[in-house]
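Novice: Here it is, the structure in full.
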Amino acid sequence: MAVIEARGLSLDFPYYHIGARSLKKRLMGRSRLHKDPSNRIVVTALRDLNFRIGTGERVALVGPNGAGKTTLLRTFAGVYEPVAGSLTVTGQIGALIDVAAGMDLDSTGRENVRLRGLYRGLTDAECDLLAEEVAEFAALGDFFDVPIRTFSAGMSVRLAFAMATALQPQVLLMDEWFLAGDAAFMARAEERLARLVGGADIMVVATHDYDVVRRWCNRAIRLEGGTVVADGPVEAVLADLEATG
Amino acid sequence: MLDQTAATMPAYHVDSADPQRLRKAIEDVRLGTSRWRLALTLAWLDIRNRYRGSVLGPFWLTLSTGVMLAGLGLLYARLFDLPLREYLPHLAVSLVIWNAISQMVNDATTSLTSSEAIIRQLPLPYTVHALRCAMRNGIIAAHNLPLILLVFLLCGHLPGPEALLAIPGFILIAINAVAAALFLGMLCARFRDIAPIVGSIMQLAFFLTPILWKPKLLGGWEVWMPLNPFYALLETVRGPLVEGGGPPLAWLAAILYTLATVAMAAAFFVRFRSRVAFWV
């Protein structure tokens with residue numbers, strides 16, 4: 001049984017490498033920026049979130065830019081540790097946040113798949129299996145054994161998509177819907193994505209696209225300024241969101 | 001699609017009221033070390049990419065060290081009035097080991113910031129990044145080792161069985177390299193001004209450490225040499241290879257410095273590991 005449970009989850013994002021002094025003058029006083037106990041300028045990225053996402057739920061995180069959607073996904077993935085509250089994630093996590101991260105431009109498609117497998121902690125044999133699976137879906141032909149630096153944009157997307165979707169996680173975390181490429185590929189991508197989503201116990205997707213939300217999700221959490229302003233069935237949350245503009 | 005279902009369902013739990021920093025840091029090191037294959041693959045990739053399209057590749061470093069060795073060897077043997085046959089083996093080992101140490105330290109400052117994209121995408125043990133950095137520099141440094149052999153043959157310098165003591169010396173340097181990659185990697189991710197400072201310190205250390213000169217030239221000051229950590233580490237390899245075993249005091253100092261480096265890195269890592277993702 002996969003589950004994501006947040007209790008009083010808060011996360012401050014510190015600003016380290018921009019001129020803190022001038023920034024302080026310009027921005028202090030606005031609501032989300034404040035000083036933490038050790039005198040750093042921080043922005044409250046997430047504030048006192050409470051929810052429980054159980055098996056079978058397909059959750060959309062909606063809200064304006066900077067609401068904290070991607071930060072929340074990264075926190076689920078275990079990248080950021082919360083400063084207050086607790087978070088429990090049970091289940092194998094698969095995060096499709098920045099799928100190009102960790103790709104090596106000078107390596108071939110096959111080498112990149114192997115590398116991704118190693119990043120995910122697979123054994124050599126599993127890496128070979130993964131490479132075959134990805135090669136079949138990405139349909140790059142001979143280009144699979146050519147450095148990906150030479151790939152066209154469409155080919156890169158196909159490889160990235162095939163690699164990202166080749167492992168079935170129990171908890172699927174996605175940032176936006178990364179779909180591009182030629183029409184024939186799109187049709188196959190949709191089918192694969194549906195399988196990936198269907199195979200996961202929990203999906204959480206951060207998106208601006210309400211059509212995506214309506215089609216794929218059965219629950220929506222609306223974030224604004226790092227807090228949950230609405231949480232419930234998709235239609236209820238979206239109707240409210242569209243009404244308030 | 002491949003199923004990546006583990007036998008037991010993994011659980012990830014963080015509670016800010018009970019951060020369990022020590023347990024998580026130990027887990028990080030344990031998991032990171034068990035994934036040395038990933039670190040090694042990445043280290044080789046780094047080297048391949050750095051020397052992409054170059055004919056000699058990392059052997060350029062061997063060549064440049066060789067040229068430096070010939071030039072400095074001739075000049076300083078004359079300046080110090082030492083016979084070339086005696087001076088050159090000392091310089092060869094010193095220079096090769098110093099290059100390795102200096103490159104490891106300088107590279108350690110970017111061990112985490114250079115993996116920023118990966119750190120923010122998936123929660124990999126940070127130990128993997130430190131291992132990658134240490135392995136990369138270890139492999140590059142190994143390209144210089146033939147120079148030592150060449151100089152020894154040319155000068156007719158044949159170390160006895162005590163040369164095997166250089167192996168623990170190399171191990172000490174490797175332990176320091178991993179600890180430094182973790183410690184300096186974190187420190188320099190948080191404070192971006194540290195890296196240039198480290199660069200300056202290493203440059204100064206090159207002249208303060210007996211690399212070009214021999215400790216015995218110091219006369220009465222020689223007893224103070226173990227205060228220099230670079231001397232102590234250098235001596236654990238140079239002693240066995242050139243002088244028939246290093247002074248016991250240097251060994252003791254090297255072991256103490258290694259313990260200190262590891263303790264410092266461990267303390268810093270346990271306390272601030274969870275902050276690294278915000279720093280890079």
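Novice: Using Cα-Cα distances under 8 Å and only pairs 6 or more residues apart, what relative contact order does chain B have, in percent?
Specialist: 26 percent
Novice: Mind checking which of A:38, A:86, A:152 has the largest fluctuation in a GNM of chain A, springs on alpha carbons under 10 Å?
Specialist: For chain A, modelled as a Gaussian network with Cα springs under 10 Å, the answer is A:38.
Novice: For residue A:55, which sequence-distant residues (separation of 5 or more, or a different chain) have an amide H within less than 5 Å of its own amide H, given hydrogens modelled in the peptide plane?
Specialist: A:2
Novice: Follow-up. Per residue of chain B, what 222 nm ellipticity follows from adding -39500 (n - 2.57) for every DSSP H run with n ≥ 4, rounded to the nearest 500?
Specialist: -22500 deg cm²/dmol
Novice: In whole Å, what are the Cα extents of chain A along the three principal axes, biggest one first?
Specialist: Result, largest extent first: 58, 42, 33 Å.
Novice: In addition: Could you calculate, for the range B:10-168, the ratio of the Cα radius of gyration to the Kirkwood radius, expressed as Rg to Rh?
Specialist: Using Cα coordinates only, the ratio equals 1.12.
Novice: Could you compute how fast the range B:231-272 diffuses translationally, taking Rh as the Kirkwood radius over C-alpha pairs and applying Stokes-Einstein at 20 °C with viscosity 1.002 mPa s? Give it in µm² per second.
Specialist: This corresponds to a translational diffusion coefficient of 193 µm²/s.
Novice: Which of B:193, A:104, A:240 has the fewest other C-beta atoms within 10 Å, and how do the rest follow up to the most?
Specialist: Starting with the residue having the fewest Cβ neighbours, the order is B:193, A:240, A:104.
Novice: Next up: Would you list, by chain and number, the aspartates and glutamates whose Cα falls below 16 Å from the Cα of residue B:24, excluding same-chain residues fewer than 8 positions away?
Specialist: Straight-line reach from residue B:24, under 16 Å: A:81, B:15.
Novice: For a bin width of 5 Å, list the pair-distance distribution of chain B built from all Cα-Cα distances, rounded to whole %.
Specialist: 1, 5, 11, 15, 16, 15, 12, 9, 6, 4, 3, 1, 1, 0, 0
Novice: Quick one: what are the phi-derived ³J(HN,Hα) couplings along the range B:80-88, Karplus 6.51/-1.76/1.60 with θ = phi - 60°, whole Hz, x for glycine and proline?
Specialist: Along the range B:80-88, the couplings run 7, 6, 10, x, 4, 4, 8, 7, 4 Hz.
Novice: With runs of 4+ DSSP H residues as the only contributors, calculate the mean residue ellipticity of chain A at 222 nm using -39,500 (n - 2.57) per run, divided by the residue total and rounded to the nearest 500.
Specialist: Theoretical 222 nm ellipticity from helices: -11000 deg cm²/dmol.
Novice: Treating cross-link reach as a plain straight distance, find the aspartates and glutamates whose alpha-carbon is under 13 Å from the alpha-carbon of residue A:69, omitting any fewer than eight places away in the same chain.
Specialist: The reachable aspartates and glutamates, counting only those whose Cα sits under 13 Å from residue A:69, are A:175, A:176, A:224.
Novice: When Rg is the radius of gyration of the Cα atoms in the range A:109-200 and Rh is its Kirkwood radius, what does Rg/Rh come to?
Specialist: 0.94
Novice: If you average 1/r over all unlike Cα pairs in the protein assembly as shown and invert the result, what Kirkwood radius do you get in angstrom?
Specialist: Result for the protein assembly as shown, one decimal place: 26.0 Å.
Novice: Tell me, what HN-Hα J-couplings in whole Hz come from the Karplus equation 6.51 cos²θ - 1.76 cosθ + 1.60 at θ = phi - 60° for each residue of the range A:81-90, using x for Gly and Pro?
Specialist: So the J values, rounded to whole Hz, are 9, x, 8, 8, x, 9, 9, 10, 10, 10.
Novice: Among DSSP beta bridges whose residues both lie in the protein assembly as shown, state the antiparallel percentage, nearest 5.
Specialist: The antiparallel fraction comes to roughly 60 percent.
Novice: Which cross-chain or sequence-distant (5 or more) residues have an amide H under 5 Å from the amide H of residue A:219, H modelled 1.01 Å from N in plane?
Specialist: A:58, A:60, A:234
Novice: Moving on. Projected area of the range A:117-161, taken from the Cα convex hull and averaged over every viewing direction, in nm²?
Specialist: Taking a quarter of the hull surface, the average projection is 3.3 nm².
Bear in mind these aren't lab numbers, they're just calculated from the coordinates by the rules spelled out. Since we're looking at a predicted model, the values are computed, not measured. FYI the Cβ positions are ideal-geometry reconstructions off the backbone, even for glycines, and counts take in every protein chain you see.
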